[in-house]
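For reference, the structure discussed in these notes is given below.
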Amino acid sequence: MMQTDIETEATGASASTTADAGTESDGTVSAGTWVAVGPAGAVGSVHQDGAEFRVDLYGSSARSAVYPTLESAKRAVHASLGPNAERPEFRAH
């Protein structure tokens, strides 16, 4: 499965939405942003830059953390919300 397919599956975004984020000639996505939206609104975002995924948490003064995969970055956002928090919806932008 190509990286684009994995991201599309994980975000529910259409392939064209994901590809618009920055598609390389081989079809892989090299840049993109996903906003994490929970019951109270936007809680953070994940930004792809090449092979790395940077997490920014809204309202936090902590430095951004970098993760090797989109799914690990999404898990980090979810974990930062605390115990028993619902997993936020990740919307591709």
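The values are calculated or read from the model by the stated rules, or taken from the named source; none is laboratory data. Computed from a predicted model, the values in this text were never measured in an experiment. With ideal geometry, Cβ positions are generated from the backbone for all residues, glycine too; neighbour counts draw on all protein chains shown. In case anyone asks, the SASA skips ligands and DNA or RNA and just uses the protein heavy atoms, side chains included. Shrake-Rupley method; radii C 1.70, N 1.55, O 1.52, S 1.80 Å.
Taken as a whole, the structure leaves Ala19 outside the set of residues that are of a type in the set (A, V, I, L, M), at pLDDT 50 or above, under 14 Å from Ala92 (Cα atoms) and surrounded by 14 or more Cβ atoms within 10 Å (Cβ to Cβ). Among the residues in the range 75-91, are any part of a strand (DSSP E or B), among the aliphatic types (A, V, I, L, M) and out of contact with any Gly (no Cβ under 6 Å at 6 or more places or on another chain)? Within the range 75-91 (the criterion being part of a strand (DSSP E or B), among the aliphatic types (A, V, I, L, M) and out of contact with any Gly (no Cβ under 6 Å at 6 or more places or on another chain)), the answer is no, since none of the residues qualifies.
Screening Ser64, Ser60 for residues that are under 15 Å from Pro88 (Cβ atoms) and either in contact (Cβ under 8 Å) with a residue 12 or more places away in the chain or open to solvent by 20 Å² or more (accessible area, probe 1.4 Å) (or both) leaves exactly one candidate, Ser60.
Kindly indicate the residue of the range 54-93 that is charged (D, E, K, R) and more than 14 Å from Gly38 (Cα to Cα) and also modelled with the lowest pLDDT among those meeting that condition. Explain how you work it out, then say what you get.
To start, the set of residues in the range 54-93 that are charged (D, E, K, R) comprises 54, 56, 63, 71, 74-75, 86-87, 89, 91.
Restricting the remaining residues to those that are more than 14 Å from Gly38 (Cα to Cα) gives 54, 56, 63, 71.
Working: Arg54: 97, Asp56: 96, Arg63: 82, Glu71: 97.
Among them, the one singled out is Arg63.
Restricting attention to the range 28-50, the residues that are outside any strand (DSSP E or B) and at pLDDT 95 or above total 0.
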